[in-house]
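Step one of this worksheet: look at the structure below.
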Amino acid sequence: MSLPNWKVVKTYKDILYHKADGIAKITINRPEKRNAFRPQTVFEMYDAFIDAREDQTVGVVLLTGAGPHTDGKYAFCAGGDQSVRGHAGYVGEDGVPRLNVLDLQKLIRSMPKVVIALVAGYAIGGGHVLHLVCDLSIAADNGIFGQVGPKMGSFDGGFGSSYLARIVGQKKAREIWYLCRQYDAKQALEMGLVNTVVPVAQLEEEGVKWAREIMGHSPLAIRCLKSAFNADVDGQSGIQELAGNATLLYYMTDEAKEFHGAQREKRKPDARKFPWLP
Ligand code: S0N
């Protein structure tokens with residue numbers, strides 16, 4: 001199977017952003033930091049994800065980390081960049097402390113496109129949470145997964161803990177956070193943390209294969225399914241997403257068009273044309 005002919009969409013400092021054949025690929029590119037993110041990285045990823053969300057030709061986003069690094073190792077993402085962690089978050093060039101990765105997590109979960117994490121090497125801390133919030137995760141056989149917060153003065157009490165528990169179960173999630181161990185790709189697969197494991201050399205190819213299969217399916221069906229999966233977990237904002245899709249589909253009906261048209265044309269709508277289905 002051939003890889004797409006990736007085209008650069010926009011040039012950033014900390015990430016690479018490509019598109020081809022309805023697939024967008026966002027690559028965290030800070031190998032000297034094991035692809036840890038600083039506020040700038042997150043702003044750039046957010047910008048690229050918004051572009052992918054708004055592009056009607058894009059159905060799937062692949063999220064990955066640049067590698068191998070100069071020492072031959074790989075990382076998906078080693079979490080927040082600890083060298084810029086300040087008093088109240090990660091400090092950007094503007095001197096403002098932020099935890100803007102939380103905005104990115106919400107965007108990945110709510111965007112009506114399928115986001116697939118391609119994890120080679122380390123997915124640690126906030127980097128682990130990033131793969132967690134993606135719809136699907138494909139691991140390379142060298143994938144290493146774990147949370148580190150309690151051993152380095154941090155924790156993620158949002159998706160990083162509660163959604164993790166939905167995925168691997170309460171006992172395992174507590175083990176992952178309380179003990180801060182590292183798990184290999186086989187263990188990650190066994191606990192349902194990833195969808196499949198492939199040799200590292202085949203990681204992108206496998207991601208593209210999955211993306212192409214998804215691109216052959218109904219965009220509206222997948223859109224509604226994503227919001228349905230989220231609604232079960234995300235409370236009012238999950239219900240809002242699901243309900244937003246009901247409204248979107250309703251707008252597309254003759255019935256909604258008749259009522260909207262009648263209001264614009266200042267006439268009585270022909271309500272009797274439309275059935276009250278059982
Ligand atoms: C990933 C690890 C295990 C890889 O080990 P390895 O292969 O031995 O490499 P190293 O020699 O350790 O690293 C190579 C170079 O990369 C730098 N580096 C690695 N990770 C980071 C990082 N996270 N930040 C900054 N630099 C990093 C190393 O310093 C080294 O560079 P040199 O050679 O110049 O020293 C290993 O590297 C490791 O354990 N890394 C640290 C993992 C970590 O602590 N991550 C942060 C965890 N916390 C978060 O991610 C918080 C996320 C967050 O934003 C958040 C979100 C919601 C709610 C709360 C929070 C919160 O802030 O807590």
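Suppose the filter is hydroxyl-bearing (S, T, Y), under 18 Å from L132 (Cβ atoms) and not assigned by the TED database to the domain that holds A52; does S237 pass it?
Spelling it out, S237 is indeed hydroxyl-bearing (S, T, Y), under 18 Å from L132 (Cβ atoms) and not assigned by the TED database to the domain that holds A52.
Kindly provide the set of residues from region 219-278 that are closer than 24 Å to Q56 by Cβ and of a type in the set (V, I, T), ordered by number.
Within region 219-278, I222, T247, T253 meet the criteria.
Condition check ((1) assigned by the TED database to the domain that holds K226; (2) surrounded by 15 or more Cβ atoms within 10 Å (Cβ to Cβ); (3) aliphatic (A, V, I, L, M)) across all residues:
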position: Q147; (1), (2), (3): no, yes, no
position: F159; (1), (2), (3): no, yes, no
position: S162; (1), (2), (3): no, no, no
position: V168; (1), (2), (3): no, yes, yes
position: R174; (1), (2), (3): no, no, no
position: C180; (1), (2), (3): no, yes, no
position: E190; (1), (2), (3): no, no, no
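Is it the case that E175 is in a helix (DSSP H, G or I), closer than 15 Å to Q147 by Cβ and among the charged types (D, E, K, R)?
Criteria met by E175.
Looking at region 131-169 only, could you name the residues that are assigned to a helix (DSSP H, G or I) and over 17 Å from Q105 (Cα atoms)?
G149, P150, K151, M152, V168
Quickly run through region 234-254 and pick out the residues that are of a type in the set (D, E) and surrounded by 15 or more Cβ atoms within 10 Å (Cβ to Cβ).
Within region 234-254, D234, E241 qualify.
Output the number of the condition that I214 fails; it satisfies all remaining conditions of (1) among the hydrophobic types (A, V, I, L, M, F, W, C); (2) closer than 27 Å to I23 by Cβ; (3) without any contact (Cβ under 8 Å) to a residue 40 or more places away in the chain.
Here I214 clears every test but (3).
Is it the case that region 195-218 has a residue that's touching a helix residue (DSSP H, G or I) at 6+ places or on another chain (Cβ under 6 Å) and in the same structural domain as I26 (by the TED database)?
Taking every residue of region 195-218 in turn, at least one turns out to be touching a helix residue (DSSP H, G or I) at 6+ places or on another chain (Cβ under 6 Å) and in the same structural domain as I26 (by the TED database).
Would you please list the contacts, defined by Cβ atoms under 7 Å and residues six or more apart or on different chains, that run from a residue in region 149-170 that is more than 8 Å from the ligand (Cβ to nearest atom) to a residue that is at pLDDT below 95?
Y163/V233; R166/V233
Is region 221-233 home to any residue that is assigned by the TED database to the domain that holds Y250, among the aromatic types (F, W, Y) and surrounded by fewer than 17 Cβ atoms within 10 Å (Cβ to Cβ)?
Scanning region 221-233 turns up at least one residue that is assigned by the TED database to the domain that holds Y250, among the aromatic types (F, W, Y) and surrounded by fewer than 17 Cβ atoms within 10 Å (Cβ to Cβ).
Of a type in the set (S, T, Y) and either closer than 18 Å to N195 by Cα or under 21 Å from the mean Cα position of the chain (by Cα) (or both): does that describe S137?
Against the criterion (of a type in the set (S, T, Y) and either closer than 18 Å to N195 by Cα or under 21 Å from the mean Cα position of the chain (by Cα) (or both)), S137 qualifies.
Limited to region 104-122, what total is found for residues that are more than 9 Å from the ligand (Cβ to nearest atom) and either in a loop (DSSP other than H, G, I, E, B) or over 12 Å from Y163 (Cβ atoms) (or both)?
13
What residue, among those in region 17-54 that are in a strand (DSSP E or B) and within 16 Å of the ligand (Cβ to nearest atom), is farthest from A78 (Cα to Cα)?
Going through the qualifying residues, I end up with I28.
Can you name every residue in region 72-102 that is in contact (Cβ under 8 Å) with a residue 60 or more places away in the chain, in a loop (DSSP other than H, G, I, E, B) and within 8 Å of the ligand (Cβ to nearest atom)?
Correct list: G79 only.
Give the residue, chosen from N142, N195, that is of a type outside the set (K, R) and within 12 Å of the ligand (Cβ to nearest atom).
So the residue among N142, N195 that is of a type outside the set (K, R) and within 12 Å of the ligand (Cβ to nearest atom) is N142.
Which numbered condition in (1) without any contact (Cβ under 8 Å) to a residue 60 or more places away in the chain; (2) among the hydroxyl-bearing types (S, T, Y); (3) touching a Leu at 6+ places or on another chain (Cβ under 7 Å) is the only one that T57 fails?
That leaves (3) as the condition not met.
The values are calculated or read from the model by the stated rules, or taken from the named source; none is laboratory data. The shown structure was predicted, so the numbers you read here are calculated from the model rather than taken from an experiment. Counting neighbours? That spans all protein chains shown, and the Cβs are built from the backbone with ideal geometry, glycine included.
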